[in-house]
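**Student:** Have a look at the structure that comes next, please.
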Amino acid sequence: MFAFLDHLEQERGNGTRSRNARLAAIRSFFRLVALREPCCVPVATRVLAVPVKRTDKRLIGYLTRPEIEAILAAPDQRQWSGQRDHALLLALYNSGARVSEIIALRRRQIRFGETNFLELNGKGRKERTVPMWAKTARTLKRWLQVIPATPEAIVFPNARGVLLSRDGAAYILQQAVEKAKTTCATLAEKKVSPHVLRHYAGFRTIPGEASSGCRSAHQPWGPANSVVLSPGIVLITGL
(Lines give C-alpha, C1' and ligand atoms only; values in the text may rest on other atoms or scores of the structure.)
Protein backbone atom coordinates (compact mmCIF):
# COMPACT_ATOMS: atom_id res chain seq x y z
CA MET A 1 0.00 0.00 0.00
CA PHE A 2 2.87 2.36 0.76
CA ALA A 3 4.21 1.65 -2.73
CA PHE A 4 0.82 2.61 -4.19
CA LEU A 5 0.71 5.88 -2.22
CA ASP A 6 4.27 6.71 -3.29
CA HIS A 7 3.33 5.90 -6.90
CA LEU A 8 0.48 8.41 -6.72
CA GLU A 9 2.76 11.24 -5.66
CA GLN A 10 5.99 10.43 -7.45
CA GLU A 11 4.84 8.97 -10.77
CA ARG A 12 1.29 10.20 -11.29
CA GLY A 13 2.02 13.64 -9.88
CA ASN A 14 -0.93 13.68 -7.47
CA GLY A 15 -0.85 16.22 -4.67
CA THR A 16 -0.99 15.47 -0.96
CA ARG A 17 -4.74 16.05 -0.81
CA SER A 18 -5.35 13.53 -3.60
CA ARG A 19 -3.07 11.05 -1.86
CA ASN A 20 -5.01 11.48 1.39
CA ALA A 21 -8.32 11.05 -0.43
CA ARG A 22 -7.17 7.72 -1.89
CA LEU A 23 -5.94 6.62 1.53
CA ALA A 24 -9.31 7.52 3.06
CA ALA A 25 -11.06 5.26 0.54
CA ILE A 26 -8.68 2.39 1.30
CA ARG A 27 -9.15 2.80 5.04
CA SER A 28 -12.92 2.86 4.64
CA PHE A 29 -12.74 -0.43 2.74
CA PHE A 30 -10.59 -2.08 5.40
CA ARG A 31 -12.99 -1.00 8.15
CA LEU A 32 -15.59 -3.07 6.34
CA VAL A 33 -13.10 -5.92 5.92
CA ALA A 34 -12.44 -5.94 9.67
CA LEU A 35 -16.17 -6.27 10.35
CA ARG A 36 -16.88 -8.94 7.75
CA GLU A 37 -13.67 -11.02 7.94
CA PRO A 38 -12.33 -11.36 11.52
CA CYS A 39 -9.32 -13.30 10.26
CA CYS A 40 -8.16 -10.15 8.42
CA VAL A 41 -8.31 -7.87 11.47
CA PRO A 42 -4.48 -7.78 11.92
CA VAL A 43 -3.99 -6.59 8.33
CA ALA A 44 -6.87 -4.11 8.59
CA THR A 45 -5.42 -2.73 11.82
CA ARG A 46 -2.09 -2.04 10.12
CA VAL A 47 -3.82 -0.29 7.22
CA LEU A 48 -5.96 1.84 9.52
CA ALA A 49 -2.83 2.91 11.40
CA VAL A 50 -1.34 4.57 8.30
CA PRO A 51 -1.51 8.33 8.97
CA VAL A 52 -2.57 10.99 6.51
CA LYS A 53 -0.02 13.53 5.39
CA ARG A 54 -0.29 17.07 6.67
CA THR A 55 -1.06 19.73 4.09
CA ASP A 56 -0.91 23.50 4.02
CA LYS A 57 -4.27 25.19 4.25
CA ARG A 58 -4.98 27.50 1.37
CA LEU A 59 -6.10 31.02 2.14
CA ILE A 60 -9.75 31.59 1.39
CA GLY A 61 -10.34 34.07 -1.41
CA TYR A 62 -12.33 37.22 -0.80
CA LEU A 63 -14.22 39.86 -2.73
CA THR A 64 -14.49 43.58 -2.10
CA ARG A 65 -17.78 45.47 -2.07
CA PRO A 66 -17.20 47.01 -5.55
CA GLU A 67 -16.42 43.55 -6.94
CA ILE A 68 -19.60 42.05 -5.48
CA GLU A 69 -21.69 44.95 -6.77
CA ALA A 70 -20.19 44.56 -10.25
CA ILE A 71 -21.03 40.84 -10.28
CA LEU A 72 -24.60 41.42 -9.09
CA ALA A 73 -25.12 44.12 -11.72
CA ALA A 74 -23.79 41.94 -14.56
CA PRO A 75 -26.93 39.91 -15.50
CA ASP A 76 -29.21 41.57 -18.07
CA GLN A 77 -32.42 41.94 -16.07
CA ARG A 78 -34.43 42.78 -19.18
CA GLN A 79 -34.41 39.06 -19.91
CA TRP A 80 -35.96 36.17 -17.96
CA SER A 81 -32.59 34.48 -17.46
CA GLY A 82 -31.01 37.74 -16.31
CA GLN A 83 -33.69 38.28 -13.68
CA ARG A 84 -33.18 34.73 -12.44
CA ASP A 85 -29.40 35.04 -12.41
CA HIS A 86 -29.47 38.33 -10.48
CA ALA A 87 -31.88 36.90 -7.88
CA LEU A 88 -29.82 33.71 -7.60
CA LEU A 89 -26.51 35.52 -7.08
CA LEU A 90 -28.04 37.93 -4.58
CA ALA A 91 -29.56 35.02 -2.61
CA LEU A 92 -26.18 33.26 -2.55
CA TYR A 93 -24.44 36.43 -1.41
CA ASN A 94 -27.03 37.28 1.24
CA SER A 95 -27.34 33.82 2.75
CA GLY A 96 -23.83 32.42 2.44
CA ALA A 97 -25.60 29.19 1.50
CA ARG A 98 -24.16 26.23 -0.33
CA VAL A 99 -25.02 26.05 -4.01
CA SER A 100 -26.95 22.82 -3.34
CA GLU A 101 -29.15 24.65 -0.81
CA ILE A 102 -30.00 27.50 -3.16
CA ILE A 103 -30.68 25.50 -6.32
CA ALA A 104 -33.01 23.21 -4.34
CA LEU A 105 -34.95 26.16 -2.89
CA ARG A 106 -38.75 25.95 -3.22
CA ARG A 107 -41.23 28.79 -3.17
CA ARG A 108 -42.61 27.74 0.24
CA GLN A 109 -39.12 28.17 1.75
CA ILE A 110 -39.14 31.93 1.18
CA ARG A 111 -40.98 33.71 3.97
CA PHE A 112 -42.06 37.34 3.91
CA GLY A 113 -43.43 39.23 6.88
CA GLU A 114 -42.17 41.32 9.76
CA THR A 115 -38.97 39.35 9.29
CA ASN A 116 -38.05 38.09 5.83
CA PHE A 117 -36.04 34.88 5.76
CA LEU A 118 -35.06 31.79 3.80
CA GLU A 119 -35.56 28.26 5.09
CA LEU A 120 -32.57 26.20 3.96
CA ASN A 121 -31.97 22.47 4.07
CA GLY A 122 -28.27 21.76 4.38
CA LYS A 123 -25.94 18.83 4.85
CA GLY A 124 -27.13 16.04 7.09
CA ARG A 125 -30.75 17.19 6.63
CA LYS A 126 -30.05 20.13 8.91
CA GLU A 127 -32.55 22.96 8.61
CA ARG A 128 -31.70 26.60 9.23
CA THR A 129 -33.22 30.00 8.61
CA VAL A 130 -31.31 32.96 7.21
CA PRO A 131 -32.68 36.53 7.42
CA MET A 132 -32.94 38.40 4.14
CA TRP A 133 -31.90 41.97 3.59
CA ALA A 134 -34.62 44.34 2.42
CA LYS A 135 -33.00 44.46 -1.03
CA THR A 136 -32.96 40.67 -1.31
CA ALA A 137 -36.60 40.45 -0.21
CA ARG A 138 -37.67 43.01 -2.82
CA THR A 139 -35.74 41.21 -5.55
CA LEU A 140 -37.19 37.81 -4.67
CA LYS A 141 -40.73 39.20 -4.46
CA ARG A 142 -40.39 40.48 -8.02
CA TRP A 143 -38.90 37.19 -9.19
CA LEU A 144 -41.63 35.09 -7.56
CA GLN A 145 -44.18 36.87 -9.74
CA VAL A 146 -42.48 35.30 -12.76
CA ILE A 147 -42.39 31.65 -11.64
CA PRO A 148 -45.38 29.36 -10.92
CA ALA A 149 -47.34 30.20 -7.76
CA THR A 150 -47.40 26.64 -6.36
CA PRO A 151 -45.64 26.06 -3.00
CA GLU A 152 -43.34 23.41 -4.51
CA ALA A 153 -42.31 25.56 -7.47
CA ILE A 154 -38.54 25.63 -8.03
CA VAL A 155 -37.34 29.14 -7.27
CA PHE A 156 -34.37 29.08 -9.66
CA PRO A 157 -35.22 26.70 -12.53
CA ASN A 158 -33.19 26.24 -15.67
CA ALA A 159 -34.52 27.01 -19.15
CA ARG A 160 -36.42 23.70 -19.18
CA GLY A 161 -38.15 24.45 -15.89
CA VAL A 162 -36.29 21.85 -13.82
CA LEU A 163 -33.63 22.12 -11.13
CA LEU A 164 -30.41 23.88 -12.01
CA SER A 165 -27.33 21.71 -11.64
CA ARG A 166 -24.36 22.75 -9.51
CA ASP A 167 -22.39 23.24 -12.72
CA GLY A 168 -25.21 25.37 -14.08
CA ALA A 169 -25.11 27.67 -11.06
CA ALA A 170 -21.31 27.89 -11.28
CA TYR A 171 -21.62 28.76 -14.98
CA ILE A 172 -24.07 31.57 -14.18
CA LEU A 173 -21.58 33.00 -11.68
CA GLN A 174 -18.67 32.73 -14.11
CA GLN A 175 -20.65 34.47 -16.85
CA ALA A 176 -21.45 37.30 -14.44
CA VAL A 177 -17.80 37.54 -13.37
CA GLU A 178 -16.59 37.71 -16.99
CA LYS A 179 -19.01 40.53 -17.74
CA ALA A 180 -18.17 42.32 -14.48
CA LYS A 181 -14.47 42.37 -15.38
CA THR A 182 -15.20 45.10 -17.91
CA THR A 183 -16.26 47.45 -15.12
CA CYS A 184 -14.15 46.07 -12.25
CA ALA A 185 -10.62 45.27 -13.37
CA THR A 186 -9.55 43.68 -10.07
CA LEU A 187 -11.78 40.68 -10.78
CA ALA A 188 -9.36 39.63 -13.52
CA GLU A 189 -6.84 38.74 -10.80
CA LYS A 190 -9.22 36.55 -8.79
CA LYS A 191 -10.71 33.10 -9.12
CA VAL A 192 -14.35 33.47 -8.12
CA SER A 193 -16.47 30.44 -7.28
CA PRO A 194 -19.70 29.89 -5.31
CA HIS A 195 -17.46 28.72 -2.46
CA VAL A 196 -15.76 32.13 -2.38
CA LEU A 197 -19.16 33.80 -2.04
CA ARG A 198 -20.06 31.41 0.78
CA HIS A 199 -16.93 32.14 2.80
CA TYR A 200 -16.98 35.85 2.07
CA ALA A 201 -20.50 36.03 3.53
CA GLY A 202 -19.08 35.54 7.02
CA PHE A 203 -16.92 38.66 6.92
CA ARG A 204 -19.03 41.37 5.37
CA THR A 205 -21.18 44.04 6.92
CA ILE A 206 -24.12 45.62 5.12
CA PRO A 207 -25.30 48.53 7.31
CA GLY A 208 -29.06 48.92 7.27
CA GLU A 209 -29.62 45.98 4.93
CA ALA A 210 -30.88 43.35 7.38
CA SER A 211 -34.64 43.27 7.26
CA SER A 212 -34.87 42.10 10.87
CA GLY A 213 -32.57 44.77 12.26
CA CYS A 214 -30.37 42.10 13.85
CA ARG A 215 -27.19 40.32 12.90
CA SER A 216 -27.31 36.68 11.88
CA ALA A 217 -24.45 34.20 11.77
CA HIS A 218 -23.74 35.60 8.33
CA GLN A 219 -23.81 39.23 9.48
CA PRO A 220 -20.93 39.64 11.94
CA TRP A 221 -19.76 42.87 13.47
CA GLY A 222 -18.15 45.06 10.89
CA PRO A 223 -14.69 46.60 10.45
CA ALA A 224 -15.52 49.54 12.72
CA ASN A 225 -15.60 47.39 15.84
CA SER A 226 -14.00 44.07 14.93
CA VAL A 227 -10.72 42.50 13.91
CA VAL A 228 -10.69 39.30 11.83
CA LEU A 229 -8.01 37.12 13.41
CA SER A 230 -8.51 34.17 11.05
CA PRO A 231 -11.36 32.59 9.07
CA GLY A 232 -14.16 32.01 11.55
CA ILE A 233 -12.57 33.99 14.41
CA VAL A 234 -13.59 37.63 14.93
CA LEU A 235 -12.42 39.75 17.85
CA ILE A 236 -15.14 42.21 18.92
CA THR A 237 -13.88 45.52 20.28
CA GLY A 238 -15.46 48.68 21.58
CA LEU A 239 -18.57 47.05 23.08
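The values are calculated or read from the model by the stated rules, or taken from the named source; none is laboratory data. Given the structure is predicted, the values throughout are model-derived calculations rather than measurements. Note that we place each Cβ from the backbone using ideal geometry, even for glycine, and neighbour counts take in every protein chain shown.
**Student:** Here are some residues: Leu59, Leu89. Which one is surrounded by 14 or more Cβ atoms within 10 Å (Cβ to Cβ) and not assigned by TED's automatic domain parsing to the domain that holds Asn14?
**Tutor:** None of the others qualify; the one that does is Leu89.
**Student:** Do you know which residues across the range 1-15 are part of a helix (DSSP H, G or I) and of a type in the set (Gly, Ala, Ser)?
**Tutor:** Ala3
**Student:** So, in the range 149-185, how many residues would count as being of a type outside the set (A, V, I, L, M), under 30 Å from Arg58 (Cα atoms) and touching a helix residue (DSSP H, G or I) at 6+ places or on another chain (Cβ under 6 Å)?
**Tutor:** 4
**Student:** Something else: Using the structure shown, decide if Thr115 is of a type in the set (Val, Ile, Thr) and assigned by TED's automatic domain parsing to the domain that holds Ala149.
**Tutor:** Taking the combined requirement at face value, the residue satisfies it.
**Student:** Mind checking which residues of the range 114-137 are surrounded by 15 or more Cβ atoms within 10 Å (Cβ to Cβ) and farther than 22 Å from Arg98 by Cβ?
**Tutor:** Once the filter is applied, which keeps residues that are surrounded by 15 or more Cβ atoms within 10 Å (Cβ to Cβ) and farther than 22 Å from Arg98 by Cβ, the range 114-137 yields only Thr115.
**Student:** Would you mind finding the one in Ser100, Ser95 that is surrounded by 13 or more Cβ atoms within 10 Å (Cβ to Cβ), in contact with a strand residue (DSSP E or B) (Cβ under 6 Å, 6 or more places away or on another chain), small (Gly, Ala, Ser) and in the same structural domain as Val196 (by TED's automatic domain parsing)?
**Tutor:** So the residue among Ser100, Ser95 that is surrounded by 13 or more Cβ atoms within 10 Å (Cβ to Cβ), in contact with a strand residue (DSSP E or B) (Cβ under 6 Å, 6 or more places away or on another chain), small (Gly, Ala, Ser) and in the same structural domain as Val196 (by TED's automatic domain parsing) is Ser95.
**Student:** I'd like to check something: does the range 77-98 contain any residue that is among the aromatic types (Phe, Trp, Tyr) and more than 21 Å from Asp167 (Cβ to Cβ)?
**Tutor:** The answer is no; no qualifying residue exists.
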